[in-house]
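The values are calculated or read from the model by the stated rules, or taken from the named source; none is laboratory data. In this text the structure is predicted, and so the values were computed from the model without any measurement. Virtual Cβ from ideal backbone geometry, glycine too; neighbours counted across all protein chains shown.
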């Protein structure tokens with residue numbers, strides 16, 4: 001076996017061993033495992049709900065059964081139009097999760113490169129990027145999202161874009177801090193000595209070694225994006241009815257909250273459980289990826 005192949009084999013073995021070690025530490029965290037189980041169920045429900053849930057359960061109206069309290073026939077009760085709240089909450093899983101994931105992808109696609117460039121080059125480039133980041137950070141994210149939706153229009157795509165842009169400063173800061181810790185390592189100097197270009201060094205050597213905090217930030221920001229999207233819908237500038245997004249369900253139910261509190265209770269619980277699951281997984285990943293916690 002050539003020397004190059006031996007080095008590649010050793011590197012692959014080391015990477016595989018590191019992944020097993022991370023999984024072992026993550027698996028020890030019962031809260032993280034519970035959160036991951038909840039998220040797997042929610043993702044499966046959101047991805048497959050169209051195949052097993054009849055459309056009549058979502059949009060079908062039956063005024064003779066309106067505002068019925070939870071029962072064996074309607075587990076979460078019915079809304080003001082006689083629609084089954086359980087199935088609408090189940091169907092809303094796909095919208096809330098989709099908004100959370102897409103918004104975070106938008107945040108990462110913008111914030112991670114900006115943070116990497118700022119941390120790698122430093123100087124005036126870093127000053128400009130970070131001062132702009134400071135300006136955006138000074139604006140409450142919910143207000144920024146409201147402004148963006150108000151300008152672009154009230155659509156699902158614009159809602160995802162608004163929530164995503166509002167979270168860009170967090171990714172920029174986390175990525176910059178991570179890049180600063182690794183950009184002067186010996187393997188980076190070796191890559192420069194070999195004549196590698198700056199984009200190659202950033203995306204091939206630096207960012208792969210900064211993934212741990214970015215992954216944790218991504219997990220936690222999905223939870224924040226779901227809350228932000230639900231808040232916008234609750235304020236009446238998010239997803240339009242009759243789409244059963246959880247925030248929209250809360251908005252529809254608040255009119256009847258005095259006598260029919262279940263209309264807000266169950267969508268609110270869905271948001272709470274989902275956000276809690278993401279936070280538990282994020283905490284577990286943070287502990288598992290922290291090399292200081294090895295034992």
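Side notes on the structure shown:
- For beta carbons closer than 8 Å, sequence separation of 6+ or different chains, a first residue in the range 4-33 that is within 26 Å of residue 283 (Cβ to Cβ) and a second that is at pLDDT below 80, the qualifying pairs are 21/294; 22/289; 25/293; 25/294.
- Residue 173 being under 20 Å from the mean Cα position of the chain (by Cα) and within 30 Å of residue 85 (Cβ to Cβ): no
- In the range 49-65, residue farthest from the chain's Cα centre (by Cα) [restricted to those that are surrounded by 15 or more Cβ atoms within 10 Å (Cβ to Cβ) and at pLDDT 80 or above]: 65
- Some residue of the range 187-200 being more than 30 Å from residue 268 (Cβ to Cβ) and touching a residue at least 40 places away in the same chain (Cβ under 8 Å): yes
- When residue 195 is tested against (1) out of contact with any helix residue (DSSP H, G or I) (no Cβ under 9 Å at 6 or more places or on another chain); (2) at negative phi, only condition (2) is not met.
- Looking only at the range 238-275, and only at residues there that are touching a helix residue (DSSP H, G or I) at 6+ places or on another chain (Cβ under 7 Å), surrounded by fewer than 16 Cβ atoms within 10 Å (Cβ to Cβ) and in a helix (DSSP H, G or I), the one that is modelled with the highest pLDDT: 273
- Pair list, Cβ < 9 Å and 6+ apart or interchain, from the range 133-151 residues that are under 12 Å from residue 169 (Cα atoms) to residues that are at pLDDT 85 or above and outside any helix (DSSP H, G or I): 141/167
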